[in-house]
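Note sheet for the following structure.
Quick note: the coordinates plus some simple rules give every number you see, no bench work behind them. Computed from a predicted structure; not experimentally measured. Here the Cβ is made from the backbone with ideal geometry for all residues, glycine too, and neighbour counts use every protein chain on show.
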Amino acid sequence: MDKRVRVRFAPSPTGPLHIGGVRTALYNYLFAKKHGGDFLLRIEDTDQGRFVHGAEEYIIESLKWCGIEPNEGVGYGGAHAPYRQSERKAMYKPYAEQLISSGWAYYAFDTPEELDTIRKQAELAKMPNWQYNSISRMTMKNSLTLPEDEVKTRIAKGEPYVVRFKMPRNEEVRFHDSIRGWVIFSTNELDDKVLYKSDGMPTYHLANIVDDHTMEISHVIRGEEWLPSAPLHIMMYRALGWEAPEFAHLPLILKPDGNGKLSKRDGDRLGFPVFPLEWKDASTGEISNGYREKGYFPKAVINMLLLLGWAPGNNQEIFTEKEMINAFTIERIGKSGSKFDPDKTRWFNQQYLRLTPPEELAELLLPLLKAKGITVTADYAAKVCNLMSERAVFVADLMEGDYLFHAPANYDADAVAKKWKKGESGMLMNEWKEVLTSLDDFSSTTIENRFKEFIASKELGMGAVMPLFRIALTGMLSGPSSSQVAELIGKEESVRRIKIAIDTLEK
Ligand code: GLU
């Protein structure tokens, strides 16, 4: 690659960032890192009507949480600042004028009402897809049809106008997409898009390509929904005499079930977040779940997104950031959409939880315990994490069993009915309590061995006695091994709990 790699993530601040947007940012980030290039954050806020308060901050915080931070852009600064399009407003006008003077664009004065009427008439005439294009433009009110003087007067009088791109007729637009290969459009399918408005605001199309060019963007990696805009962008680069960047349009993330793009509603329906962070809609007060608040590790989310549309070519599933950067290539991005898989996302979280050292998990667990009014030492919390991590998906699952922090407040009635035989069970547990009391070494291995000897001496099976011990310690039948729980809570507490269980269940 001869040119310096410079890529950008260019969201519009119209609401919370969808997980698909996070994936777009991730692929840009990895591509930049791989080639020692730059990853920019540009905020495309030219459409003030769709501006949502707080969305920009949300985007920046989301990228931070995910660990895919730009090295240039809004919130980061850089040689091409400002990176917010509304603050670059003055930069776009000369390019709109250049396009007009070179015959690639024209002024149009048709009012929104007039355009509306024409569309309605076309609909009535059974031509529903009326477009302002290379044919219809000659019947409209613009600088191609009106006398030059009139155009000047209208502008001088301050009459509102727009600048439209003059899409040529009967031309073929071809461009290379790194994911799709050669893409070919006919200009006859394209309309004369508005590029600029007399209020001084460019539209997305003009601002987007002017910024990509002036910010020296080498590769445009963006969602497939922008593919239909690409031929216009190519034509605009041509019209301005600029070299176009290389394009890569990422296929969609699809619903877990059925077809179509993954939406917030799918998440609500099937119970998983589609946003990285929780989002509160200011107008409705509605709160949408976020991966962060649901207890996901950002690395697990990123790892899941990496493989949602990109394949390493081998069976590797867990990637460190370094490995992601090394392995990532645009060529291995799939051409078709990938179904979102919420179970797989949970699986990734589970894998990352297992990979996290207990001491680190403890740091995350302690505040959750504190919120429940439980205070333990960091050392004890680490032991809890060590014991529970095999069966947990989220950090909160690590404190699933209250019994790790205090004696069971009650005993599972079904478990007791099934396993505890009054008289007989009480006697057995009393004897086992004496065995435990006599132990000097209270490690789970010793407890386990002594337990085996104990049931052998009684000529009883594991299934008859182990559940009693478990009920006494935890109040239930599921959970980690009883000897491990006993080791964790210690001899004194284990013995005390057996005693309480006998007193309670033998009553
Ligand atoms: N502002 C567009 C968006 O919100 C950016 C499209 C592009 O990357 O060119 O997705």
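Of the residues in segment 110-126, not one is closer than 25 Å to Asp211 by Cβ, of a type outside the set (A, V, I, L, M) and within 42 Å of the chain's Cα centre (by Cα).
Mind checking which residues of segment 301-317 are surrounded by 16 or more Cβ atoms within 10 Å (Cβ to Cβ) and part of a loop (DSSP other than H, G, I, E, B)? Spell out how you get there, then give the answer.
Taking segment 301-317 and keeping what is surrounded by 16 or more Cβ atoms within 10 Å (Cβ to Cβ), we get 301-310, 312.
Residues satisfying the conditions are Leu307, Leu308, Gly309, Pro312.
Checked against the criterion of being touching a residue at least 24 places away in the same chain (Cβ under 8 Å) and either basic (Lys, Arg) or under 27 Å from Leu240 (Cβ atoms) (or both), the candidates His80, His18 yield just one match: His80. Among the residues of segment 202-236, those identified as more than 13 Å from the ligand (Cβ to nearest atom) and surrounded by fewer than 18 Cβ atoms within 10 Å (Cβ to Cβ) are Thr214, Glu216.
One residue stands out among those in segment 143-168 that are of a type in the set (S, T, N, Q) and either touching a helix residue (DSSP H, G or I) at 6+ places or on another chain (Cβ under 8 Å) or under 21 Å from Gln98 (Cβ atoms) (or both): the one that is surrounded by the fewest Cβ atoms within 10 Å (Cβ to Cβ), which is Thr145.
Among residues belonging to segment 68-84 that are out of contact with any helix residue (DSSP H, G or I) (no Cβ under 6 Å at 6 or more places or on another chain) and among the small types (Gly, Ala, Ser), point out the one that is nearest to Val22 (Cα to Cα). Once the filter is applied, the top-ranked residue is Gly73. Just to verify a result, which residue in segment 435-479, among those that are under 22 Å from Leu404 (Cβ atoms) and among the hydroxyl-bearing types (Ser, Thr, Tyr), is nearest to the chain's Cα centre (by Cα)? So, considering only residues that are under 22 Å from Leu404 (Cβ atoms) and among the hydroxyl-bearing types (Ser, Thr, Tyr), the one nearest to the chain's Cα centre (by Cα) is Ser478. Output the residue which, of all residues in segment 28-46 that are more than 14 Å from Lys64 (Cα to Cα) and out of contact with any helix residue (DSSP H, G or I) (no Cβ under 8 Å at 6 or more places or on another chain), is nearest to the ligand (Cβ to nearest atom). That would be Asn28. Those strands (runs of 3 or more DSSP E) of segment 184-282 in which at least 2 residues are touching a residue at least 12 places away in the same chain (Cβ under 8 Å) and within 20 Å of the chain's Cα centre (by Cα), considering only elements entirely within it, cover 219-223, 246-250. With respect to the conditions (1) more than 30 Å from Met304 (Cβ to Cβ); (2) surrounded by 18 or more Cβ atoms within 10 Å (Cβ to Cβ), Arg42 lacks only one, and its number is (1).
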